[in-house]
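The values are calculated or read from the model by the stated rules, or taken from the named source; none is laboratory data. Given the structure is predicted, the values throughout are model-derived calculations rather than measurements. Reconstructed Cβ throughout: ideal geometry from the backbone, glycine too, with neighbour counts over all protein chains shown.
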Amino acid sequence: MSELNWDSIYQEYSGKVMGYISARVQRRADAEDLCSEVFEKVFRKMEGYDQEKASVGTWIYTITRNTVIDYFRKNRPTAELDENIASDGEVDDSLLNNETLSELAQALKKLPQELQDIVVLMYHDGIPMTEVAKMMHLSYGAVKLRHQKALNMMRLSMGVGRD
């Protein structure tokens, strides 16, 4: 890689790499971190670059693409989940204000075991949803959806929200 130097590579490709990453990663800070990671890899691997296998642009694009793929493997996005789904620790006030604890207990007993576990861990034991997900070997999104399903089933069972 004698004819190319680090400065010229960075100047020519940093904007393109940042544009590629920004189009795929929502958070600007994450995109900037990934861009830095890409150029760190490029710098470390410069000696191993073979211009006969690929152009510099193709080589950097491949590193960039693989870095973004690794990012999504490590950080499975949950942004696609409906924003109306209850957040960590959020309880529907009408559920608690309109019903007695015994009615809540009866509604809880009607839930499938997995949903009971989620509700008990979160509300009785005070464990955050992220930790419940780890404990149950489920994704955060899966626990969030099951949590919402459990609350909806309890509402139906208790007649909350019906006229």
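Here are a few things to note about the model shown:
- Breaking point among (1) modelled with pLDDT of 85 or more; (2) outside the structural domain of Ala31 (by TED's automatic domain parsing); (3) surrounded by 16 or more Cβ atoms within 10 Å (Cβ to Cβ), for Thr64: (2)
- Residue match in the range 96-114 (condition: crowded, with 18+ Cβ neighbours inside 10 Å and closer than 30 Å to Asn75 by Cβ): no
- Here Asp30 passes the criteria (1) at pLDDT below 90; (2) among the charged types (D, E, K, R); (3) within 28 Å of the chain's Cα centre (by Cα) except the one numbered (1).
- Note on the range 23-56: residues that are under 23 Å from Arg73 (Cα atoms) and small (Gly, Ala, Ser) total 4.
- Residue pairs whose Cβ atoms lie under 8 Å apart, sitting 6 or more positions apart in sequence or on different chains, and linking a residue in the range 59-72 that is over 15 Å from Ala23 (Cα atoms) to a partner that is surrounded by fewer than 18 Cβ atoms within 10 Å (Cβ to Cβ) and among the hydroxyl-bearing types (Ser, Thr, Tyr), are Trp59/Tyr49.
- Meets criteria (surrounded by 15 or more Cβ atoms within 10 Å (Cβ to Cβ), under 18 Å from Arg73 (Cα atoms) and either at pLDDT 90 or above or not basic (Lys, Arg) (or both)) for Tyr20: yes
- Screening the candidates Ala31, Ala54 for the property of being within 30 Å of Thr130 (Cβ to Cβ) and not assigned by TED's automatic domain parsing to the domain that holds Ala133 yields one hit, Ala31.
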